[in-house]
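A.B. asks: My structure is below; once you've seen it, I'll send some questions.
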């Protein structure tokens, strides 16, 4: 009770200085490593604006990385709705949707390993934990995750260095210095096994960095991706095709994912028409009418029109 009163007073004080202060809470576990805290009491508009949204990330990783605590498509949709629809609309948009942070493995390393989220996430705790270069499949799944992060409701957050392709296990490996071409990195005497595993794509001009730029540009170009609501669609559940729309004012966007290693097909409802494709992660083959043939690990964003 004392904490609630303190933080409410803290909000009033900080907002009296600057009404636009963004107050974020680090909201962790009630039962580690299976049950995260419920942020709802803290984000009702009178304390914090958002939390570091591990509640969303854990769900997104469970579906897009398929780890031990994996989710199928139906479970993913249910879990996402359970998380977001419990918040007020303004809180949904403000939530700090993080991909990694100072307290968790870097994104590429997190997707490379099948462990339960935040459990045995270093060689100190798990000798079999993989800290080396990510596979092509891991990189493709991470790119799908990033497309979801930047096309979904909430405020995307990048842990500095992930955009360079840096890798690393749990704290302190995730806090290693950024890799820049003009810096000489001294030998790492504490964890020599990871000395040569600092980076997957080393410098900002590499392809992964350009991919980050492209999805950031997409979100900044279309306010619907920041301000619109979301609605899940069932285009082909049997083929594990994830799809949702974002809607704001008179604009509607459709985001479609094929998270499978094989080609997937989807049928757009007859009451919708595809106007323009504004983003693609791997090319999609358009067939007759509203039928789509999606390449493995592909994602597309369309402007759609309601008939």
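A.B. asks: Name the residue, out of 65, 50, that is surrounded by 21 or more Cβ atoms within 10 Å (Cβ to Cβ), in contact with a strand residue (DSSP E or B) (Cβ under 7 Å, 6 or more places away or on another chain) and at pLDDT 95 or above.
C.D. replies: Only one candidate passes the filter, namely 50.
A.B. asks: Checking residue 142 against (1) farther than 30 Å from residue 252 by Cβ; (2) touching a helix residue (DSSP H, G or I) at 6+ places or on another chain (Cβ under 6 Å); (3) crowded, with 19+ Cβ neighbours inside 10 Å, which single condition isn't satisfied?
C.D. replies: Condition not satisfied by residue 142: (1).
A.B. asks: Can you list the helices (runs of 4 or more DSSP H) lying wholly within segment 48-137 that have 1 or more residues being without any contact (Cβ under 8 Å) to a residue 24 or more places away in the chain? Quick ask: steps written out before the conclusion?
C.D. replies: Numbers: elements: 54-64, 73-84, 89-94, 107-112.
Those helices (runs of 4 or more DSSP H) span 73-84.
A.B. asks: Further question: Considering only residues that are touching a helix residue (DSSP H, G or I) at 6+ places or on another chain (Cβ under 8 Å) and under 22 Å from residue 307 (Cα atoms), which ones fall in segment 202-229?
C.D. replies: Result: 225, 229.
A.B. asks: Related question: So how many residues does segment 16-47 have that are in a strand (DSSP E or B) and surrounded by fewer than 20 Cβ atoms within 10 Å (Cβ to Cβ)?
C.D. replies: Qualifying residue count for the region: 6.
A.B. asks: Checking residue 224 against (1) surrounded by 17 or more Cβ atoms within 10 Å (Cβ to Cβ); (2) touching a strand residue (DSSP E or B) at 6+ places or on another chain (Cβ under 6 Å); (3) under 18 Å from residue 143 (Cα atoms), which test does it fail?
C.D. replies: For residue 224, the failing item is (3).
A.B. asks: Only one of (1) buried (at least 22 other Cβ atoms within 10 Å of the Cβ); (2) out of contact with any strand residue (DSSP E or B) (no Cβ under 7 Å at 6 or more places or on another chain); (3) within 25 Å of residue 226 (Cα to Cα) fails for residue 154. Which number is that?
C.D. replies: (2)
A.B. asks: So if I check each of 288, 281, 267, which one is surrounded by fewer than 19 Cβ atoms within 10 Å (Cβ to Cβ), in contact with a strand residue (DSSP E or B) (Cβ under 6 Å, 6 or more places away or on another chain) and outside the structural domain of residue 217 (by TED's automatic domain parsing)?
C.D. replies: 267
The values are calculated or read from the model by the stated rules, or taken from the named source; none is laboratory data. Predicted model, so just to flag it, every value in this text is computed and none were measured. In this analysis, Cβ positions are derived from the backbone assuming ideal geometry, glycine residues included, and neighbour counts consider all displayed protein chains.
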